[in-house]
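Heads up, the thing below is written out as structure tokens.
The values are calculated or read from the model by the stated rules, or taken from the named source; none is laboratory data. Treat the numbers as computed from the prediction; the structure is a model and nothing was measured. Every residue, glycine as well, gets a Cβ built from its backbone with ideal geometry; the counts of neighbours run over all protein chains shown.
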Amino acid sequence: MNPDHLQPDPASERLISHAAGPWQSNGELMQAARARLSAAGAMPGATVDQQLNLLDELFGFELGRFLLAHRGLNAWWTHHAVTWDPRTAAPMTALERRIVADLPATQATRERFGIFRRELQALLRPGVTMASVPCGLMGELLLLDYSAAPGARLVGVDLDQAALDAALVLGTERGLASQLTLRRQDAWAEQWQDKVDVLTSNGLNIYEPDDGRVTALYRSFHAALRPGGTLVTSFLTPPPTLSAQSPWKMSEIDPQALALQFVLFVRVIEVKWSAFRTHDQTRAQLEQAGFTDIRFVDDRASMFPTVVAHKPD
């Protein structure tokens, strides 16, 4: 697959996860980032020089350059992160390996992907229709075992055409292209003519700070499901520094990796995925959207929980 990492999507102004601003050369991007960090000054645990050194290291590998330019991950890089395997991984710089292998958020994301696949595998049955919004490369569905689910239909919806193209490649590799329908559409605007039995969604709500918009997204998912259908989604929980209701299990988190994550994501990269919600907030939003029988499945650190909810019969 060609990740097409640094090319802006034609609809980039509508992508909330990895849209870039006015296109800049690497030199212009580096100059702007160095000026921003120098002006911001030192922060707890990182001098200006240390921040600038991290910036230089990020520019040394493709994932780092993508994060700096886009402040989020596209479909290809997300798939790369959740399917990363140290036994087959290509050589990496020290910082790239720490980002992909060691940062608590990355570990939680990879664990969340495994939980999604386990929950979705259990929902497979003959003739089932399953959708992913936004689908990205659609690995949470395309990597399942369909041997016991003949006639299954798969639907992927994404605003990013590059994601849809890559999902088709993966679907073809998995022998599922004939069962796969892909549509380019905004998740909030999607009109579901044919209802689905299962809908899975990861990624949009963590970039969307507006609670009303997130509840509206859940209502859209509710409308897409047949009666008795199931939603499998996820959300980011707030760290203890932001909320007394934080569920983070600090005993499961490497403090040094967490400190590096804070400097990298909050200061050097200024990532966009910073819309945190508690379990109670997420439950309330899903209930407002009409879902019942809501069940949470936490990762070890309770940073990126999965939630399974049902549309009443």
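Kindly provide the set of residues from the range 29-46 that are loosely packed, with under 15 Cβ neighbours inside 10 Å and of a type outside the set (A, V, I, L, M), ordered by number.
Scanning the range 29-46 gives Gln31, Arg36, Ser38, Gly41, Pro44, Gly45.
Entry remark, the range 24-74: residues being part of a loop (DSSP other than H, G, I, E, B), modelled with pLDDT under 95 and over 25 Å from Ala101 (Cβ atoms) number 2 in total.
Listed conditions (1) at pLDDT 95 or above; (2) surrounded by 16 or more Cβ atoms within 10 Å (Cβ to Cβ); (3) closer than 24 Å to Leu182 by Cα are all met by Arg118, apart from (2). Of the candidates Ser147, Ser251, the single residue that is modelled with pLDDT of 95 or more and either closer than 20 Å to Gln121 by Cα or within 18 Å of the chain's Cα centre (by Cα) (or both) is Ser147. The set of residues from the range 287-313 being within 21 Å of Ala223 (Cα to Cα) and touching a Leu at 6+ places or on another chain (Cβ under 8 Å) comprises Phe291, Ile294, Val307, Val308, Ala309, His310, Lys311. Name every residue in the range 271-303 that is within 18 Å of the chain's Cα centre (by Cα) and more than 20 Å from Asp210 (Cβ to Cβ), in order of residue number. Listed by number, the residues that qualify are Phe296, Val297, Asp298, Asp299, Arg300, Ala301, Ser302, Met303. Are any of the residues in the range 86-97 assigned to a helix (DSSP H, G or I) and touching a helix residue (DSSP H, G or I) at 6+ places or on another chain (Cβ under 7 Å)? The answer is yes; a qualifying residue exists. Kindly evaluate Thr215 against the criterion of being surrounded by fewer than 22 Cβ atoms within 10 Å (Cβ to Cβ), assigned to a helix (DSSP H, G or I) and either touching a helix residue (DSSP H, G or I) at 6+ places or on another chain (Cβ under 7 Å) or at positive phi (or both). Here the answer is yes, as Thr215 does meet what is asked.
Whether any residue in the range 197-211 is of a type in the set (S, T, N, Q), touching a Gly at 6+ places or on another chain (Cβ under 9 Å) and in contact (Cβ under 8 Å) with a residue 40 or more places away in the chain is what I want to check.
Here is the first cut: in the range 197-211, the residues of a type in the set (S, T, N, Q) are 200-202, 205.
Checking which are touching a Gly at 6+ places or on another chain (Cβ under 9 Å) leaves us with 202.
Then keep just the ones that are in contact (Cβ under 8 Å) with a residue 40 or more places away in the chain; that gives 202.
Looking through the range 197-211, at least one residue is of a type in the set (S, T, N, Q), touching a Gly at 6+ places or on another chain (Cβ under 9 Å) and in contact (Cβ under 8 Å) with a residue 40 or more places away in the chain.
A count restricted to the range 98-134 and to residues that are part of a helix (DSSP H, G or I), out of contact with any strand residue (DSSP E or B) (no Cβ under 9 Å at 6 or more places or on another chain) and within 16 Å of Ala259 (Cα to Cα) stands at 8.
For the range 150-169, name all the residues that are touching a residue at least 60 places away in the same chain (Cβ under 8 Å), farther than 15 Å from Met130 by Cα and part of a helix (DSSP H, G or I). Don't jump to the end; show me each part of the working.
Looking only at the range 150-169, we keep the residues that are touching a residue at least 60 places away in the same chain (Cβ under 8 Å), and these are 158-163, 166-167, 169.
Going one step further and asking which of them are farther than 15 Å from Met130 by Cα, we end up with 159-163, 166, 169.
Answer for the range 150-169, where residues must be touching a residue at least 60 places away in the same chain (Cβ under 8 Å), farther than 15 Å from Met130 by Cα and part of a helix (DSSP H, G or I): Gln161, Ala162, Ala163, Ala166, Val169.
The residue that is modelled with the lowest pLDDT, among those in the range 286-313 that are part of a loop (DSSP other than H, G, I, E, B) and over 21 Å from Lys249 (Cα atoms), is Asp313.
Specify which of the listed residues (Thr172, Thr181, Thr233) is assigned to a strand (DSSP E or B), within 24 Å of Thr78 (Cα to Cα) and without any contact (Cβ under 8 Å) to a residue 40 or more places away in the chain.
Values: Thr172 fails: assigned to a strand (DSSP E or B); Thr233 fails: without any contact (Cβ under 8 Å) to a residue 40 or more places away in the chain.
Checking each option against the conditions leaves just Thr181.
Restricting attention to the range 184-207, the residues that are acidic (Asp, Glu), in a loop (DSSP other than H, G, I, E, B) and either at pLDDT 95 or above or over 20 Å from Thr78 (Cα atoms) (or both) total 2.
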